[in-house]
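S.K.: Supplied in structure tokens, the structure appears directly below.
The values are calculated or read from the model by the stated rules, or taken from the named source; none is laboratory data. Bear in mind the structure is a predicted one, so any value in this text is a computation, not a measurement. Methodologically, a virtual Cβ is constructed for each residue, glycine included, from the backbone with ideal geometry; neighbour enumeration extends over all protein chains shown.
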Amino acid sequence: MTKIEAMQRINGRLGAVTLYDNNTFWSACGRYGGDEGWWLKIPLASFKSDIHIILNRESSKVFLHLKIRAREILSPAMKFRCTEQMAEMFIPAANMRRLGDILPGGSKHGLSKNIVAEYRF
């Protein structure tokens, strides 16, 4: 699955073109230390608008669509580890229903409430 294919599938289900390249962030599951999960880097300025996140897990043929509403996180720099005006997160894949950033320097912010849908491919 690619970012474009996932966006097309989600937009098809929504019945409107809602996800664009500039408001959608993609991560494929990978390894970090002893954990498997997703790396995300999102510009801090993006949190002023709706953000869509697609977490792809090729090994289980599943991807998740998450949505963070505009201004839902008022101070992303206080929630996530930041470098060069980018919010950085690592979300372990161990429990796909309990998604939370585990990077040191962040607040361990959870994104489970932001899950819109799970897709199989």
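S.K.: Checking the conditions here, which among Lys113, Lys108 is surrounded by fewer than 16 Cβ atoms within 10 Å (Cβ to Cβ), touching a Gly at 6+ places or on another chain (Cβ under 6 Å) and not in a strand (DSSP E or B)? So that I can check it myself, show each step before the final result.
M.R.: Details: Lys113 fails: touching a Gly at 6+ places or on another chain (Cβ under 6 Å).
Sole residue among the options that is surrounded by fewer than 16 Cβ atoms within 10 Å (Cβ to Cβ), touching a Gly at 6+ places or on another chain (Cβ under 6 Å) and not in a strand (DSSP E or B): Lys108.
S.K.: May I ask you to list the residues in segment 73-91 that are part of a strand (DSSP E or B) and surrounded by 19 or more Cβ atoms within 10 Å (Cβ to Cβ)?
M.R.: Just the residues of segment 73-91 that are part of a strand (DSSP E or B), to begin with: 81-83, 86-91.
Within segment 73-91, Ala87, Met89, Phe90, Ile91 qualify.
S.K.: I would also like to ask the following. Tally the residues that are loosely packed, with under 13 Cβ neighbours inside 10 Å and not in a helix (DSSP H, G or I), restricting the search to segment 57-72. Steps first, answer last, please.
M.R.: Filtering segment 57-72 down to residues loosely packed, with under 13 Cβ neighbours inside 10 Å leaves 58-61, 69-71.
Next, from what is left, pick out any that are not in a helix (DSSP H, G or I): 61, 69-71.
So the count comes out to 4.
S.K.: Does any residue in segment 1-13 that is free of Cβ contacts under 8 Å to residues at least 12 places away in the same chain and surrounded by 15 or more Cβ atoms within 10 Å (Cβ to Cβ) come within less than 6 Å, Cβ to Cβ, of a residue that is assigned to a helix (DSSP H, G or I) and of a type in the set (A, V, I, L, M) six or more places away or on a different chain, and which pairs are these?
M.R.: none
S.K.: Just checking, does segment 40-47 include any residue being within 21 Å of Thr2 (Cα to Cα) and of a type in the set (A, V, I, L, M, F, W, C)?
M.R.: yes
S.K.: OK, next. Could you tell me which residue of segment 1-37 is nearest to the chain's Cα centre (by Cα), considering only residues that are closer than 28 Å to Asn95 by Cβ and in a loop (DSSP other than H, G, I, E, B)?
M.R.: Cys29
S.K.: Of the residues Ala6, Ala16, Ala28, Ala87, which is modelled with pLDDT of 95 or more and more than 25 Å from Phe121 (Cβ to Cβ)? So that I can check it myself, show each step before the final result.
M.R.: Details: Ala6 fails: more than 25 Å from Phe121 (Cβ to Cβ); Ala16 fails: more than 25 Å from Phe121 (Cβ to Cβ); Ala28 fails: more than 25 Å from Phe121 (Cβ to Cβ).
Within the list Ala6, Ala16, Ala28, Ala87, the selection yields Ala87.
S.K.: Same structure again: Please tell me if Ile54 is assigned to a strand (DSSP E or B) and either out of contact with any Ser or Thr (no Cβ under 6 Å at 6 or more places or on another chain) or in contact (Cβ under 8 Å) with a residue 12 or more places away in the chain (or both).
M.R.: Details: assigned to a strand (DSSP E or B): yes; either out of contact with any Ser or Thr (no Cβ under 6 Å at 6 or more places or on another chain) or in contact (Cβ under 8 Å) with a residue 12 or more places away in the chain (or both): yes.
Yes: the conditions hold for Ile54.
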